[in-house]
Amino acid sequence: MKQTDLPYLVRKRGRARDYWYFERAGDRIALPPPDAEDFLERYAAAKRGHTPIKETGRTFRRLIAEYRAGPRWRRLAPRTRKDYEKVLEWAEATFGALPPARMERRHIIRAQSENSERLRFANYIVQVLSVLFEQAIDLGWITHNPAKGIRLLKSEGDDLHKPWPDEMIDAFTAAAPVGSVPRTVMELAIGTGQRIGDLLKMRWDHIDGNGITVRQGKTKTALWIPFTPRLREYLEQLRFRNLTIVAGPKGAPVTYHSAATSIRALRAQIGALPFTIHGWRYTAASQLAAAGATDDEVQAITGHKSRAMVMKYAGAQRQRVHATSGQAKRWASP
């Protein structure tokens, strides 16, 4: 048997070179090329579930290996790990033999700028390098994180995500039948303020009284979210109770790609392409702010960890509420 035909050995083609991995049951361990001197040793270790760190010196290559072998990597949700992996492969190819201690803020900003045509990837460069530098601090290699505080790039024009206006919500409601995947995702998103990945995992047995328990995939935050009257009424209309609340025609759970594809088709149909799926999470925060909810109350529902994120999601509506209240007091004064 050729070494390239070994079980669980996967090759992924990159722009500059090929990457090799041992993949089994959702776990992925990076390997050297099959013609490398230590390939068989590393493959055998991966098969036993170990990630041997053979790199010497304080290089990015070794730092990435340390990160992949540590708890930070194991705690990542599968989808986040997949997104991070693209940047780790890029960093390994770009900085592999260089020491992280020589990396300066200007270098990271330049790398982000050079990849700006791929906006999401460019921003992930900053985020993933920041995680790697935190790993380097823990190892005692460096004392500060040069990626911390670097601003993420924004698309031209309006922000990518924004609350859906009432007329667009009404149009989507009219176009999406009760029980369809797009309609159920929208009702859950606006009703609970959660990310689509968490919505697709919601099950009927997660309902507890007049609310639902959620463990967020991204932050691992555990929440109990009361139903809005609209969401409670919608759920009562669903005739078929499968394992997951969002289910396909045959009752099976729905993948992110499948849900996003069907929702995009409806957005295109009603002229809502400028409004994203994630915008429904902004809608929930915006509605809470309009109702006068405090930062703590918004955080208790959306699961945001910081007040800054609450302001990002609900700030515009909150400013409007405060401005209206302020003007009312102004004209009411003698």
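The values are calculated or read from the model by the stated rules, or taken from the named source; none is laboratory data. Predicted model only: the values in this text are computed from it and were never measured. Glycine also receives a Cβ, built like all others from the backbone with ideal geometry; neighbour counts cover every protein chain displayed. Calculation scope for accessible area: heavy atoms of the full protein, side chains included, ligands and nucleic acids excluded. Shrake-Rupley method; radii C 1.70, N 1.55, O 1.52, S 1.80 Å.
Things to note:
- Some residue of segment 170-183 being at pLDDT below 95, assigned to a strand (DSSP E or B) and farther than 12 Å from I277 by Cα: no
- Residue, modelled with the highest pLDDT, within segment 23-48, restricted to residues that are over 22 Å from T94 (Cα atoms) and assigned to a strand (DSSP E or B): E23
- Scanning segment 240-254 for residues that are open to solvent by less than 60 Å² (accessible area, probe 1.4 Å) and either at pLDDT below 90 or more than 17 Å from P177 (Cβ to Cβ) (or both) gives N242, T244, G251, A252.
- Qualifying residue in segment 187-207 (condition: open to solvent by less than 80 Å² (accessible area, probe 1.4 Å), polar (S, T, N, Q) and without any contact (Cβ under 8 Å) to a residue 60 or more places away in the chain): no
- Filtered residue count, segment 275-334, keeping only those that are part of a loop (DSSP other than H, G, I, E, B) and aromatic (F, W, Y): 1
- Some residue of segment 97-112 being at pLDDT below 90 and not in a loop (DSSP other than H, G, I, E, B): no
- Residues (in contact with a helix residue (DSSP H, G or I) (Cβ under 8 Å, 6 or more places away or on another chain), modelled with pLDDT under 85 and assigned to a helix (DSSP H, G or I)) located in segment 49-79: R79
- Tabulated pairs, segment 229-251, first on the phi < 0 side of the Ramachandran plot, second assigned to a loop (DSSP other than H, G, I, E, B) and surrounded by 11 or more Cβ atoms within 10 Å (Cβ to Cβ), C-beta under 6 angstrom, 6+ apart or interchain: Q237/V178; L238/G179; N242/G251; I245/M202; V246/L200; V246/V254; G248/V254
- Condition met for T283 (under 17 Å from the mean Cα position of the chain (by Cα) and under 28 Å from A247 (Cβ atoms)): no
- Filtered residues of segment 212-243 (kept if farther than 20 Å from H278 by Cβ, out of contact with any Phe, Trp or Tyr (no Cβ under 7 Å at 6 or more places or on another chain) and hydroxyl-bearing (S, T, Y)): Y234
- Being over 25 Å from F227 (Cβ atoms), part of a helix (DSSP H, G or I), open to solvent by less than 70 Å² (accessible area, probe 1.4 Å) and at pLDDT below 85 is a condition met by no residue of segment 262-270.
- Across segment 281-332, the qualifying residues are those that are aromatic (F, W, Y) and open to solvent by less than 40 Å² (accessible area, probe 1.4 Å), and the one among them that is modelled with the highest pLDDT is Y282.
- Selected residue (only one of H278, H257 is under 18 Å from the mean Cα position of the chain (by Cα) and either at pLDDT below 90 or over 24 Å from I212 (Cβ atoms) (or both)): H257
- Segment 99-124 - residue that is crowded, with 18+ Cβ neighbours inside 10 Å and within 14 Å of K148 (Cβ to Cβ) and, of those, nearest to the chain's Cα centre (by Cα): Q112
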